[in-house]
Every structure is written in structure tokens, then in C-alpha cells.
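These notes are about the structure you will find just below.
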Amino acid sequence: MDWVPEIDAAAARIAGHVRQTPVLALDLPGAGPVEVKLENLQHTGSFKARGAFNTLLSRSLPAAGVTAASGGNHGAAVAFAAARLGVPARVFVPDIAGPAKIALIREQGAQLEVVPGLYQDAAVRSAEHAVATGAMPVHPYDAPATVAGQGTLLREWEAQGLAADTVLIAVGGGGLIAGSLAWLGGRRKVVAVEPELAPTLNRALALGPDTEVQVGGIAANALGATRIGRLCYDLAVANRVTSVLVPDAAIAEAQRVLWQALRQYVEPAGAAALAALLCGAYVPAPGERLAVLVCGANPAPDPFA
């Protein structure tokens, strides 16, 4: 698939519906200045708005509206996009999504159902709802429209002057890193960062695309897919992505660093990519220019609840 025209079209489609998020410099001991893109400042606090708007704007939508299963951020983005476009939305989330993300989805006006269990349990309920009502499913990561929408993030970052040789990106189901790889096409090194307790892409690269893993830890409500998306897997293999794992303690430390250095209070998933530099999971070569994507801003519990 020729992804660049798809991502260019997605960027034109969602212009005016999403924010251009800022880029700052973060000085890290031993790594020097690191370019940090604050996608946590996107609508609803994550990059997911890009894929959601691209999906809804590129389809003929049924009267029953749309449905989505989500660990929280995708559901909030779909609810936000649907409300802006005047489309009904029903979102299914697992109870581990946490009170802050559940409240955020409700604030966007979607009908919400909280399902006991994990993301996969919510996905079953969303699929059943789609069959019963005719609502259009909006997949959080393994659909071309979603991946193309997420690819607009790296397109935007390069237009802002991205100078890095290497970009570190957190991975859950794989939509964000798939879009990034699709846009970059091997022009920069991409490092896939996952929690040790949710090594979905890492295990798939070692054992095959259908590998399922047990997931847990502090980032499980955002990086908790038990099987990697096939689009992500294929792009990761084609682009020889580097995969590293980080412990929960490093993710928590990265949250602290982002708050202390940049006054950005982000969720664990949003800090995971930075954690790889802090704990040595990824060690740059001398002179290697680095960039880190901060992808999510919805910690649980909500500090202002």
C-alpha cells in the first residue's frame, strides 16, 4: 500500500478538526537535548483524535452512528469527533479504563457502557452492538483509515522541523507507530517502546503476528492490547523497527521528569517512550539525535476529581 498519499489526504481531511501540537526541547543527562512532541495537548488528551476524525470524515455514516471499543483514549476521541460531526456514538470500555477516562468519554456526550475485564471484552460488546444496530465500528488501531489519521502526526512533526535521527514511540495496539512508520518509510529510525508487562509487539516480532500476551502494569489501560494489529506488525517488519521494553518504575520516573522539566502531567502510556531513555532500554550512539513522542494526557485518578 502506498501510504503517503493516504496520509496526505487524511491531513487535508482533518485540518481544522485537530490541533497542531507543540514541540519542545528536553535536556536529558547523557542524551543531550531531546525533541519532545506534546501530543498530550491534542483534543481529549491524545493522538487518537486524528484517526477518529479521519475515519468518520472518510465514510458514509449510517443513521445508527458509530461504535468503538477502547481502553479510554480512543473512546474519548471517537465520542469527541462524533459530537463535533453530529453523529451518534456508543463506546464500550473495560472497567480498568479508570474513572478519569470514563468521565472524559461521558463528557463528550457518547453513550457509554463499562464492561468488566480488559479491552478484548469491550471489543466483543462493541462488535455485538454493531451487528445489532448497524452502527459503524471505528477500530482503535488496525484499520487503514485509523493508521492514516495517526500518520498525520509525524507528517506534522516533520513540517515543524523534526531534526532527529531516531524517534521513540510507545506501542499499544500499534496504530500510532504504524502511522509513523507508514509516513517515514524508513527515512528515520523508529524505536518501539512497550512496558515489560505489556510486550505485545515485542513478542509478536519474536514469535509471529498472531502471538497473544498477558498484559498488566500501570499503562495497561492504554497500552494493553493482547495482540498487535496486523498493519502495525507488517510495517514494523518491513521497516526493521527496534523494539525495547521498559519497567513500570521507569515509566513512573518518566512521568515525574515530564512534570518537573516541562510541567506536563501525563498518563503512564504518554511517558513510556521517554522511559526507554531514562532506564537505558535504548542507548543512543554518540551524536545520535533523539526525539520522543508524548502521546497521552489522561492519568488515573484525575488530579482534579
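The values are calculated or read from the model by the stated rules, or taken from the named source; none is laboratory data. Just so we're clear, the structure is a prediction, and the values are computed from it rather than from any experiment. All Cβ positions, even for glycine, are placed from backbone atoms using ideal geometry, and neighbour counts span all protein chains on display.
Annotations for the structure displayed:
- Residue among GLY51, GLY72 that alone is closer than 23 Å to ALA276 by Cβ and either crowded, with 24+ Cβ neighbours inside 10 Å or assigned by TED's automatic domain parsing to the domain that holds ARG155 (or both): GLY72
- Residue match in segment 164-171 (condition: in a loop (DSSP other than H, G, I, E, B) and surrounded by fewer than 24 Cβ atoms within 10 Å (Cβ to Cβ)): yes
- Residue tally, condition within 19 Å of GLU267 (Cα to Cα), of a type in the set (D, E, K, R) and touching a residue at least 24 places away in the same chain (Cβ under 8 Å), over segment 79-106: 1
- Filter result (farther than 22 Å from SER180 by Cα and buried (at least 19 other Cβ atoms within 10 Å of the Cβ)) within segment 218-247: ILE218
- Residue list for segment 128-147, filter: in a helix (DSSP H, G or I) and either farther than 20 Å from ALA76 by Cβ or without any contact (Cβ under 8 Å) to a residue 24 or more places away in the chain (or both): GLU128, VAL131, ALA132, THR133, PRO144
- The helices (runs of 4 or more DSSP H) falling completely within segment 29-118 that include 2 or more residues that are over 13 Å from the mean Cα position of the chain (by Cα) and among the polar types (S, T, N, Q) map to 48-57.
- Scanning segment 181-203 for residues that are crowded, with 24+ Cβ neighbours inside 10 Å, of a type outside the set (Val, Ile, Thr) and under 16 Å from ALA219 (Cα atoms) gives ALA192, GLU194, PRO195, ALA198, LEU201.
- Flag if ALA145 is closer than 21 Å to ALA15 by Cβ and either modelled with pLDDT under 95 or in contact with a His (Cβ under 9 Å, 6 or more places away or on another chain) (or both): yes
- For segment 172-189, the criterion of being without any contact (Cβ under 8 Å) to a residue 40 or more places away in the chain and outside any helix (DSSP H, G or I) is met by at least one residue.
- Residue check, VAL78 assigned by TED's automatic domain parsing to the domain that holds VAL215 and surrounded by 21 or more Cβ atoms within 10 Å (Cβ to Cβ): no
- Qualifying residue in segment 95-113 (condition: closer than 18 Å to ALA64 by Cβ and acidic (Asp, Glu)): yes
- Residues in segment 188-207 that are more than 14 Å from ALA170 (Cα to Cα) and touching a helix residue (DSSP H, G or I) at 6+ places or on another chain (Cβ under 9 Å): ARG188, ALA204, LEU205.
- Criterion: of a type in the set (D, E, K, R), more than 22 Å from ALA122 (Cα to Cα) and not assigned by TED's automatic domain parsing to the domain that holds LYS101 - qualifying residue of ARG59, ARG13: ARG13
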